[in-house]
1. For each of Leu163, Leu207, Leu75, count neighbouring Cβ atoms within 10 Å of the residue's Cβ, then give the residues from fewest to most.
2. Calculate, in nm to one decimal, what Arg197 and Arg224 gain on full extension: separation in residues at 0.36 nm each, minus their alpha carbon distance.
3. What is the Rg over Rh value, at two decimals, for region 235-338, using alpha-carbon atoms and the Kirkwood definition of Rh?
4. Of all DSSP beta bridges in the chain, what percent run antiparallel (nearest 5)?
5. Using Cα-Cα distances under 8 Å and only pairs 6 or more residues apart, what relative contact order does region 214-345 have, in percent?
6. Can you give me the Kirkwood hydrodynamic radius for region 86-188, using every pair of distinct Cα atoms, in Å to one decimal?
7. Can you grab the distance from the C-alpha centre of region 134-172 to the C-alpha centre of region 215-244, Å, no decimals?
8. With a point put 7 Å past each Cα toward its Cβ, work out how far Leu96 is from Ser273 in nm, to one decimal.
Amino acid sequence: MLLGFCFLWTGTIADSNTQRQQVLRVLAWPGYADDDWVQAFEKRFHAKVEVTFVDSDEALWARMHSAAPPPFDVLAANTAEIERYARAGMLAPLDLARIPNRRWQQPYFQRLADIRGLVHDGHAYAIPFTYSSMGLIYDRKQVPVAPHSMRVMWDPQYRGKVLDFNSAQHNFSFAALALGFADPFHLAPEQMRTVARELVGLRRNLLTYYTLPEEATELFVQHRAALMFGNYGTQQIEQLRKAGADVGYVIPDEGALAWLDCWAITRNASNPSLAYEWLDAMQEPAIGKQLTQRQGLANTMTAVPGEASRSGPNLVWLQSVESIDQREALWQRIEAGDRLETFAP
């Protein structure tokens, strides 16, 4: 027991000399491997944990390609990225029996085959850890009635009062959802042009684009923004309220994008046994509780009111898109201010 939680250990490790030599190399996002969690794990398994943090999917991919084989044993990534890594042969198929703490998860998160990107050819490659919807944040004073759709971001009365996340992938996907397209991740050429024109139109209402949640909080408060595409979801709500903003948060009727970050073991992990112990430890209820308390992120063990089903249409888990290059090329033009006339109808 350490710091109010314990790690359940079901594995066997040879002897004290071997234990002291063990090293686990972790690649993750900030807040996913806090110092006290690492210290507790090191003490329990007589191991050394080396953590490398990243701040973008691109940085994660670059780190995994920084050496051959990749210098990491476990990594945390969203479902779309997990699918990408698994298809590239960079992840090890999981023996789920070696992760007994999965029993604490909500039933939906235990049904891995129901979550796109986690199972390939009958093998599971990752287990869920934390998630957030990417809904609509609004200022209660300027928007007294909770909006029902992301389409409110285009409303002329909010000109200069809207904040948007600077991302080609997510902007095309959330705009496609708002337009009612059935599959926001695989757009036909005509749909792609329609979405691009909508995003050009959205520029009229924008205060600016943001990248980090801290930047978004500062802009929202300082410039009295009315609406914001909440790329970081509940984590942003937590920060905004701590900054004194009176904000609400909604999942639009058309649904909201949602990211689900998962833990996986790399195909060339130097210590698979210790890697399994890490994945199992990250499913402890106490870890999930602290993740929510510290980061404002949902955990996979606690049911969230209003999101109980998670398998319905309201939350749309991120997937790989039809063409990253095409989306990014169009987004560069949109962000740079290309006129609507240059985007063919």
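Just so you know, all these numbers are worked out from the coordinates, no wet-lab data involved. Not measured: the values here are computed from a predicted model. Every residue, glycine as well, gets a Cβ built from its backbone with ideal geometry; the counts of neighbours run over all protein chains shown.
1. Neighbour counts put them in this order, fewest first: Leu207, Leu163, Leu75.
2. Full extension of this stretch gives 7.0 nm more.
3. 1.05
4. DSSP beta bridges in the chain are roughly 60 percent antiparallel.
5. Dividing the mean separation by the residue count of region 214-345 yields 26 percent.
6. Numbers: mean 1/r = 0.0576 Å⁻¹.
By the Kirkwood definition, the hydrodynamic radius is 17.4 Å.
7. That distance is 12 Å.
8. Between Leu96 and Ser273, the label points sit 2.5 nm apart.
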